[in-house]
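Asker: Have a look at this one.
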Amino acid sequence: MAFPEGFLWGGAIAANQIEGGWKEGNKGLSVADVATYKPNVDVKNYKAHVAISSEAIKKAMADTDDTYYPKRRGIDFYHHYKEDIALFAEMGFKVLRLSIAWTRLFPTGEEETPNPDGLAFYENIFQEMKQHNIEPLVTLSHYEMPLSLALKYNGWTDRRVVDDFVRFSKTCFEHYGKYVKYWLNFNEVDSILRHPFTTAGIIPDLCGEKGETVCCYQALHHQFVAAGMVSKLCHEMIPGSKIGCMLTKLITYPRTCAPEDVAATQKKNLENMFYSDVMVFGEYPRMILRDLENRGIQIEMKDGDLDIIREGTVDFVSFSYYMSMTESVDPNAERTPGNTVLGVKNPYLKSSEWGWQVDPIGLRISLIELYDRYKKPLFVVENGIGAKDTVEEDGSIHDAYRIEYFRRHFIEMEKAIDAGVELMGYTSWAPIDLISASTSQMSKRYGFIYVDQDDLGNGTLNRTKKDSFYWYQNVIRTNGKNLDA
Ligand code: BGP
């Protein structure tokens, strides 16, 4: 068996991590524009990196410099998009996952009509992709919501943001439906409890006596309702369109076969899939509702909300996969960070420099588990390894470790397809070096293409093909038949 004909090989990017141009084209401030690069904070301490406060936001808004705000500059895709899309086409991309920055179309999120400069920018992007026969897979919300909605309403905790997001989504469908048939609603919808500000514009010191956790579940409910409305709109406005949810797949194994470890692990895995459960099954799982009740967490729901969620389910399930973890009830078990998570170390796996445990077989396990659970087509929309790369004297970049990472993951993906999993495609994170979501580093490189820029924004921004560029080009050319380095 092999990868099916028409398998959508490609790469994934996000506006706030790649575009830059934070003040171009009348764009409004997004939550990403106040994210700071913290050189003195341990890269394994993700909570410190994503921490935010009203005070920090105020300081950032007063700071017009972008040195310590790398997401304001990205890798200047805003001006390099033609060159970058041409490089993706040279690799043979069938699909490119990208996001539309909400604040390019609606600077504060509350405008009634969209910003023409923003509309034009993405029109140009989709035109460029069309010329290269690259299918867009568009994420509507990828950690870049309007800062104004965070400051005014504490983000998604306020019901009014539902209408603002639906207006933004409807505008995207109306203007870009002729180019885009594959859509995703919320990037890593499950990450709201891990970093509420980037995911939902929630500012901890605005949560009052309700507290952050209750605000997160209230905001999450509003996102479920908005997702239901947007699914319906997408199908009505773009015949034949497919819209998916997007989950951080955080597969967790029991550290030992002790039943206590197994039970604790089961709880973590069920919690992780709760978010996609709601968007696929169209209802809150009974056990989640009971857990919320037991914890005294009250979600305010309007009449009709559960009907909207039930009628607005998704067509496919997409997910990011980087690493796996284990779980143990032993408080002294050694822990290691993962993708904005802290898990118990797996002694059978190696870790990246950022502590993420590399587990290709975990991708196969995740694919089989998700397909068995949802019986819907799947899409791997993020997978890759963040690492430091060295430019040799002759300008070459030998990232054999990255080739090995992908080769081992592709072998496991193929085994899952052989087992009967319906897999639509695969977009690596990220095809080109860009700004890290969690640490705002440039030096945590993911790309097949190197970008000459350091963590403080120094560099020529020149793009250079790494060894992995040519390897991935061959993988795509042979539709996954030739994975040899
Ligand atoms: C996911 C995000 C991506 C990407 C990826 C890598 O959570 O959806 O935007 O950033 O993580 O993580 P990082 O950039 O923190 O290394």
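Asker: So which lysines pass the test for LYS375, namely a Cα distance under 18 Å, with those fewer than 8 places away in the same chain ruled out?
Answerer: Of all the lysines, those that pass the test against LYS375 - Cα under 18 Å, at least 8 places apart if same chain - are LYS242, LYS249, LYS415.
Asker: Placing +1 on the Cβ of each Lys and Arg and -1 on the Cβ of each Asp and Glu in the chain, which of TYR374, GLY118, VAL161 has its Cα farthest towards the positive end of the resulting dipole?
Answerer: TYR374
Asker: Another question about this same structure. Any idea of THR67's accessible area? Nearest 10 Å², probe 1.4 Å.
Answerer: Here the residue's solvent-accessible area equals roughly 40 Å².
Asker: Compute the semi-axes of the equivalent ellipsoid of region 23-174, taking the square root of 5 times each eigenvalue of the Cα gyration tensor, and list them largest first in whole Å.
Answerer: In descending order, the three semi-axes are 27, 21, 14 Å.
Asker: Leaving out same-chain residues fewer than 8 places away, which lysines sit with a Cα under 20 Å from that of LYS210?
Answerer: LYS152, LYS302
Asker: Check the straight Cα-Cα distances from LYS82 and name the lysines below 18 Å, setting aside those fewer than 8 residues away within the same chain.
Answerer: Output for LYS82: LYS94, LYS130, LYS465.
Asker: May I ask you to derive the relative contact order of the chain, considering only C-alpha pairs under 8 Å and at least 6 residues apart, and to give it as an integer percent?
Answerer: This gives 19 percent for the chain.
Asker: Net charge near ASP117, counting Lys/Arg +1 and Asp/Glu -1 over other residues with Cβ under 10 Å of its Cβ?
Answerer: Result for the neighbourhood of ASP117: +1.
Asker: Now, a different point. How many angstrom lie between the C-alpha centres of region 111-187 and region 322-341?
Answerer: Going from one Cα centre to the other spans 35 Å.
Asker: Which ³J(HN,Hα) values, rounded to whole Hz and listed in residue order, are derived for region 40-49 from phi using the Karplus coefficients 6.51, -1.76 and 1.60 in 6.51 cos²θ - 1.76 cosθ + 1.60 with θ = phi - 60°, glycine and proline given as x?
Answerer: Here the 3J(HN,Hα) series is 9, 9, 3, 4, 8, 9, 4, 4, 5, 6 Hz.
Asker: Based on the Kirkwood radius over alpha-carbon pairs, what is the Stokes-Einstein translational diffusion coefficient of the chain at 10 °C with 1.306 mPa s viscosity, in µm²/s?
Answerer: Translational diffusion coefficient: 70 µm²/s.
Asker: Ignoring solvent entirely, what values of log10 I(q)/I(0) come out of the Debye formula for region 314-403 at 0.18, 0.20, 0.21, 0.24 Å⁻¹ when each Cα is a single scatterer?
Answerer: Those come out to -0.91, -1.01, -1.06, -1.19, one per q.
Asker: Just the number, please: carbon plus sulfur as a percent of the accessible area of region 386-459, 1.4 Å probe, no ligands or DNA/RNA counted.
Answerer: Whole-percent figure for carbon plus sulfur exposure: 47.
Asker: Give the accessible area for ASP452 in Å² (nearest 10); use a 1.4 Å probe, count only protein heavy atoms, and leave out ligands, DNA and RNA.
Answerer: Counting only protein heavy atoms, ASP452 exposes about 50 Å² to solvent.
Asker: Just to confirm a number: summing +1 for Lys and Arg and -1 for Asp and Glu over residues other than GLN127 whose beta-carbon lies under 13 angstrom from that of GLN127, what do you get?
Answerer: Net local charge, GLN127 excluded: +1.
Asker: How do the peptides 287-294, 125-132, 165-172, 4-11 rank, highest first, by the average count of neighbouring beta carbon atoms within 10 Å per residue?
Answerer: 165-172, 4-11, 125-132, 287-294
Asker: Take peptides 249-255, 112-118, 202-208 and line them up by average Cβ neighbours within 10 Å, highest first, as a rough protection proxy.
Answerer: Averaged packing, sorted descending, gives the order 249-255, 202-208, 112-118.
Asker: Once you place label points 7 Å from the Cα toward the Cβ at LYS210 and LEU292, how far apart are they in nm?
Answerer: Inter-label distance under the simple model: 1.3 nm.
Asker: Is it possible to state the helix-based mean residue ellipticity at 222 nm for the chain, with each DSSP H run of 4+ residues giving -39500 (n - 2.57), the sum divided by total residues, to the nearest 500 deg cm²/dmol? What is it?
Answerer: -12500 deg cm²/dmol
The values are calculated or read from the model by the stated rules, or taken from the named source; none is laboratory data. Because the structure is predicted, anything quoted here is derived from the model rather than measured. All Cβ positions, glycine included, derive from the backbone under ideal geometry; neighbour counts span all protein chains shown. Accessible surface is based on the protein model in full, side chains and every heavy atom, while ligands, DNA and RNA are left aside. Shrake-Rupley method; radii C 1.70, N 1.55, O 1.52, S 1.80 Å.
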